[in-house]
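Right, one structure below, let's go through it.
FYI, it's all coordinate maths here, none of it is from the lab. Small disclaimer: the values here were computed from a predicted structure and weren't measured. Neighbour counts are summed over all protein chains in view; Cβ atoms, including those assigned to glycine, are modelled from backbone coordinates with ideal geometry.
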Amino acid sequence: MNRRRFLQVAGLGSVAFAAACSPEAPQFLYGPPQATGDQVTGRPTWYASTCRECPAGCGLIAKNREGRVIKVEGNPLHPLNRGKLCLRGQAAVQALYHPDRLTTPLLKEEGRWVPLSRDRALELIAARVREAARRGEGRVRILSEVVGQSALALMRAALGNWNAAGPVIYEPYAYEALRAANREVFGVEGLVSYRLEEADLVLGFGAEFLETWLSPVEYAWKFKAMHAVRGEGKGAFLQVSPFLSLTGANADRWYACRPGAESWVALGLAGRLLGLGRGRHLPEGLRREIEQATAAVPFSRVEQVAGIPAARLEELARRLAAAERPLVLGAGMWQNDENGLRANLAANLLQRMLDPGLARVDAVNRHRVEIARPRAEVMGLFEDLAAGRAEVLILNQVNPLFHLPAAAGVREAMARPDAWVVSLGGFLDETAQAADLVFPLAHALESWDDYNGWDPLLSSLQPAAGKFTAAPNLGDFILAVGFPEGEKPAPDYRSFIAGRLYAEGRLKAAADWPRLLQQGGLFPPPGAPSGAPPANPPERLPEALRRALPLPPEGGPLLAAVPSIRLFDGRGANRPWLCEIPDPLTRVAWRTPVCLHPETARAHGLEEADLARLVTAAGALEAPVYPTETVVPGLAVFAVGQGHDAYGRYAEGRGANPWRLLSPRLEPLCGGPAEGLCRVGLERTGRRVLLARTDGSRTQLDRGLVRTATLAALRGGGPPRKAGLTLHDFPLTLPLPEGYDPRRDFYPPHDHAENRWGMVVDLDRCIGCAACVAACYAENNIAVVGEAAVARGREMAWLEIVRYHDERHRERVFFLPMLCQHCDNAPCESVCPVYAPHHSAEGLNNQIYNRCIGTRFCSQNCPYKVRRFNWFDWNWPDPLPLQLNPDVTVRSKGVMEKCSFCVQRIKEARTAARNRGRPIREGEVVPACVQTCPTEALVFGNLMDPDSRVRRLCDDPRAYQVLGYLNTKPAVIYLKKVTEEA
Amino acid sequence: MSELSFARIDETVLGTLAPPRRGYWALVGALCLGVLLGAGCWAYQIAVGIGVGGQNIPVAWGTYLINFVFWVGIAHSGTLISAILHLLRAGWRNPIARAAETMTVFAVCCAGLFPFIHLGRVWQVYYMLPYPNQRQLWPNFLSPLMFDVIAISTYLTVSALFWYTGLLPDLAAVRDRAEGFRRKVFRVLSLGWSGAHDQWLHYSRGYLFFAALATPLVISVHSVVSWDFALGIVPGWHTTIFAPYFVAGAIHSGLAMVLTLMIPLRRIFRYEAIITVDVLENVAKTMILTGLLVGLAYGTEYFIAWYSHNPVEWESFRWRAVGEYAYGLYFMVVCNVLLPLLFLVRAVRRSLAWLFGLSLVVNFGMWWERFVIIVGGVAHDFAPHAWGLYAPTVVEYGIMAGSFCLFFLLFVLFCKHLPSVSMTEMKETVAHGR
């Protein structure tokens, strides 16, 4: 080796050595450099599937990036939800990547959980089941959540092998009263769907159709199809109920009745409508029976019982009678007691009187949740278990121990030494804790399956990513344990589903199966007529209405345990997003308070956030108080979903479970839980909790942030107002050159290139459901900060649904989606010393995280207070980070952040357009919130394009800007909510 | 003062530089611990995140900015006394000018720390400097925070130079009497001062120029600080009165701090002959004026809020008086305006106990004035749904205590190591008889 060679080798060697030894540990999440199959690294692949977060069964498309599902969106082809999802659907990915998700089966040995292999668990289950089946009939039982047809068929076949009857389908909300009402009045055995979109007047007796009832996303778009202002008219929604759920809060008028008196109002209205000449088409006998039954409930008596003035009832009756296409919906899904049953019966009766052909009732497209069995039957199963008539119980993703009253004896039945309980599902919830073996199943987003939200519809499920755990899906589990080798109906569940569909003739050609998977189901072509009204409604008045109506419970505060839009029946309680997103009405995150009328709270010496003790005959619990005028005096409204003893870190030990306070009595006629309302003692504990409230003031102090207009005012138009400089007469100043006036503006307008992005928020369409908020969390990697931080004003939501109560009529509620307004004259931009908030060439107010040094002046100066600061490095416990969107930076401590109008989606659209050498077209950029809004209240687009939807909506007479008088020239234009009453 | 001779002045002042006793070092040690506590809290905050403080949305600025404005305010009357009163030839300022100017320098040092402490990412603070870089990024000179950077750094530079220039002849006097190592140190510090005629000529010219240069800073620096708020659009901030209002408040608080410092100093160092009660009385008289000015500003704010018919502004001020932080408003009105009126009584303004007590009261009240403005404005601004409250946390209290310890530590060190009364100017006073 000569000198030259030595230097070459030494030089290269030392460089190679230095380059290879980096002190920095790798901090990045790498995707596979060579994507497999249909995937391209850096580009998403979408898989159509079905949402299984509630029994509604909305279609979804799951976004797969580098092998991970990072977001779900509604399937635009799906006729049920038409491309939209609710907040619970958006949070489905958090169950997939939940840090508390089980990965291996667990066997209980001497009270402790011992992990065991999947094969061993399957063997164990198969052996126990065979043994039990040998001992006699009905020794093996399955209690399952609502499932699709294939799974049901497979379970039936397996149970047949095991010498037992079919599975008992269980839902805590099984709509017993509604089903009885459909049977008795419409002659339909099941849960009909409603053509809400065709109605011009909807009367509700508590049905929560915008949040949890039957199929909320479907009814949300249908509701706005009838209720949003069109031209000079709009449909009306009237609500009779003792408190306002989110659905009730969207009513044009609220007829507040005494708790338990809905049936009186409904039947009273039926009597009055007969007097007003409606119902002539009814069979003579039925009409006479209605006459007889309603003779006991004249409005004077209804006024006494329900507390609604007779004059208001008369006005209501006349409106109903005058409506062209009215639709009457029954009581809330939690009301299966004698009053709820009769309210549903009377509501259906009203529909029959008002709608001769029952044109707005669809008896064909029925909701799948109808396969859930009444509570009485579920209790029968547990009685069998308790009596030793059944010994092996397989629970498929149900949590009855959480839902059913403690006195129902479910825990005792499961704990019997000769009973062996297998719990299927991903989490150790209360029921799984009480089981003998827990067997984790694949998440719906990892599974093959089918489902049908409407009965004739077929909606497919397919794995949207590789399996995150090796757990099998439900079908493969049943195939493994339910059939002896060689007798399996199919080698795996996927071929079972396909085989069934081909055998039934629903699929024919070989290409039909991939096509089915591609579009997410078999859907009728759009516009095709489907459904039919009930054919042969009975000709007699239901027995329950012929007898005297039960009087509402007297005296004492009453408790209503109602479903929650965030947590549903409690299954959402472990999803961090659903905990962090505040309840739309109380604006309290993380903890569910008990809502009382302020008078009732005062009478019991309780104030907001005081911890009250709720005592009933069945038990007691403690919960913070939230006074609100949306509840009538004497009623305590408590949303279920919290108070878990198990179910993971986010749910465990948080809040209280009002189901614990109810008795296990059953309503004899419909078989539902009899205790809708129960008498409750409210006691002061003298302690307070720090409620994670996300609102400051409940009213807007006449500042015109939320604005309303009556229909009459819109029709009249009125003389054009002179533009001034104050809150009430400041003109609309668009973030375009035309919005600038040298008399008002010191600086010249911005030169925007092709686009000036803007959004229109139609307050008349917004129902406050917070689906957009969840979508924003999912899309933009927004941190979940926890209860204590939210209570201290550190929530990170880029988009929030502000709720204001009317100053003078406190029970009226308005919703205001509040996000960065991307002002043209942005107060945040001028005060930053380092230009971190930066006005882009397309009008976006960009926040440059790298540049931000954290002075927080921008937030101080933002009149909308939409900026969020990273007070710490927020963490996502593993494996939740797998959900993070790789197109969006995860922000570190000390920087400000806020809504970016989903700039990553804008960039994606721009790249695509540029590659084709053309400008971005209308509709190519859809931010996450706009994408999921079930009522299409949000519209996004280019304000510089005179033909864009946003630009044209700016000319709507309802258009205004929030705090526009500050001359910020916001690019978010609001359209006034149209109300009946000024 | 006629009984003061040059020798007596030298004797009294240089006598204070005698080797300190143990009690002094104990005090220094305790203050050092306090500074370390504050530094520890800051280090913890940097490591964990600014969220260890109590700030939130909407109140994203808390005690850090309150203390910043508080200390900048304290600084101002030092310059007022040393520069403006020098130009006005108010001889009574001579005994306290040195200590007041020292207070200015140290208070600006404390104030200057807080914008750093306040930042979410202090390690990126150099983004605020206009340094050339490849990405051609530049600071935003429209931002009031950039005004601050310039104003505070200018103020610190000018007041430090002014202070040091004034010290020169006295440093030489110390040098002349010192021995050993101290002599070497003071020889360097006194920059070869020999007391020659031309040196005196340049010195007095230079001192006058510095006084003239520092004078506009008294007005400008706190005006600029006030624009941190007034240039924002927040109700309760966005008013044109803020600059004079803040300047008056700054001088008010600074004079109170002068009294707080001078009265113990005078007692411990037996400066009774130099810092006479007449001098303190003059400070108290000035405080009557500044207190009334501040009161006028408070009243004007309320009048304009009412007169403007601006509902947001009016609600902000209504809430200020009856809301969650109403106690802050009452603290500031009583402590800054009403109680200083007791100085109208001659006996009060000549009583050391009263002077000292009221000076503490005004310091307290001025801190709360900043709280009411900085926290109260954004806590209750345009969007009622976003209203929220703020409470400082232990970490913030720790840093605040650290800043007070730092200020007093520097001052205590100064007192025993540098002449705390300007011998030169005292001699001038004696010689000129004014």
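Before moving on, here are some points about what is shown:
- Which of A:W876, A:W590 has the fewest Cβ neighbours within 10 Å, and the rest in rising order: A:W876, A:W590
- For region A:708-979, the residue among A:G786, A:L882, A:Q961 whose Cα projects farthest onto the positive side of the dipole built from Cβ charges is A:Q961.
- Estimated at 0.36 nm per residue, the fully extended path between B:F404 and B:L292 surpasses their Cα-Cα distance by 37.6 nm.
- Here the 3J(HN,Hα) profile of region A:731-736, calculated from phi with Karplus coefficients 6.51, -1.76 and 1.60 at θ = phi - 60°, is x, 5, 10, 5, x, 10 Hz, Gly and Pro shown as x.
- Close amide H pairs (under 5 Å, H built 1.01 Å from N) link A:I142 with A:V168, A:I394, residues at least 5 positions away or on another chain.
- For region A:557-693: relative contact order, % (alpha-carbon pairs under 8 angstrom, 6 or more apart): 35
- Sequence-separation-based contact order of region A:910-975, relative, with Cα cut under 8 Å and 6+ spacing, percent: 17
- Helices in chain B, meaning DSSP H runs of at least 4 residues, each add -39500 (n - 2.57). Divided by all residues, the mean residue ellipticity at 222 nm is -24000 deg cm²/dmol.
- Within region B:144-249, none of the chymotrypsin sites (Phe, Trp or Tyr not before Pro) combine a DSSP coil assignment with at most 10 other C-beta atoms in a 10 angstrom radius.
- Annotation for region A:493-595: GluC sites (Glu not before Pro) lying in DSSP loop with at most 11 further Cβ atoms inside 10 Å of their Cβ are A:E554.
- Chain B: angle of helix B:180-189 to the longest principal axis, Cα-based, in degrees nearest 10: 60
- Sorting A:R566, B:R135 from the fewest to the most surrounding beta carbons within 10 angstrom yields B:R135, A:R566.
- One chain, two ends: B:A431 and B:L137. Fully extended at 0.36 nm per residue, the span grows by 100.1 nm beyond their Cα-Cα distance.
- Of all DSSP beta bridges confined to chain A, the antiparallel ones make up roughly 60%.
- Modelled spin-label separation between A:A359 and A:D200, with each label point placed 7 Å from Cα along the Cα-to-Cβ direction: 1.1 nm.
- Chain B: angle of helix B:242-268 to the longest principal axis, Cα-based, in degrees nearest 10: 40
- Computed from phi, the 3J(HN,Hα) profile of region A:842-859 under the Karplus parametrisation 6.51, -1.76, 1.60 (θ = phi - 60°) reads 9, x, 6, 8, 7, 9, 8, 4, 5, 8, 5, 10, x, 6, 6, 5, 4, 5 Hz, with x in place of Gly and Pro.
- Over 18 Å between alpha carbons, listed pairs A:K84/A:K222; A:K63/A:K508; A:K224/A:K969: A:K63/A:K508; A:K224/A:K969
- Build a GNM of chain B with springs between Cα atoms under 10 Å apart, and of B:A43, B:A196, B:A243 the one that fluctuates most is B:A196.
- Prolate/oblate/rounded call for region A:176-370, Cα gyration tensor, a/c under 1.5 rounded: rounded
- Remark: mean inter-chain Cβ contacts per residue of B:42-53 equal 3, using a 10 Å Cβ-Cβ cutoff to other protein chain atoms.
- Net length gained if the chain between A:S530 and A:S117 were fully extended (0.36 nm per residue, minus Cα distance): 143.9 nm
- Inter-probe distance in nm under a simple model that places probes 7 Å from Cα toward Cβ, at B:L213 and A:R649: 5.9
- Each Lys and Arg Cβ is given +1 and each Asp and Glu Cβ -1; about its Cα centre, region A:912-955 then shows a dipole of about 240 debye.
- Taking the DSSP beta bridges with both ends in region A:176-370, the antiparallel portion is around 25 percent.
- Selection from A:V637, A:V625, A:G570 lying farthest towards where the dipole of region A:557-693 points positive, charges on Cβ: A:G570
- Shape category assigned to chain A from the gyration tensor of Cα positions, a/c cut at 1.5: oblate
- Residue order, fewest to most surrounding Cβ atoms within 10 angstrom, among A:T932, B:T290, A:T889: A:T889, B:T290, A:T932
- Within region A:708-979, antiparallel bridges make up roughly 70 percent of the DSSP beta bridges whose residues both belong there.
- Dividing the mean sequence gap of close Cα pairs (under 8 Å, 6+ apart) by how many residues chain A holds gives a relative contact order of 14 percent.
- Label-point gap, in nm, between A:R546 and A:A322 - each point 7 angstrom along Cα→Cβ: 3.6
- Lys/Arg +1, Asp/Glu -1 at C-beta; the protein assembly as shown dipole; positive extreme among A:N915, A:M796, B:L161: B:L161
- Annotation note: GluC sites (Glu not before Pro) in region A:307-414 located in DSSP loop regions with a Cβ neighbour count of at most 12 within 10 Å are A:E324.
- Cα gyration tensor shape for region A:557-693, rounded if a/c is under 1.5, else prolate or oblate: oblate
- Think of each Lys and Arg Cβ as +1 and each Asp and Glu Cβ as -1; about the Cα centre, that makes the dipole of chain A roughly 1740 debye.
- Note on region B:102-259: with charges restricted to the Cβ of Lys and Arg (+1) and Asp and Glu (-1), its dipole about the Cα centre is near 460 debye.
- A:V978 long-range amide H proximity, modeled H, under 5 Å: A:A709, A:D764
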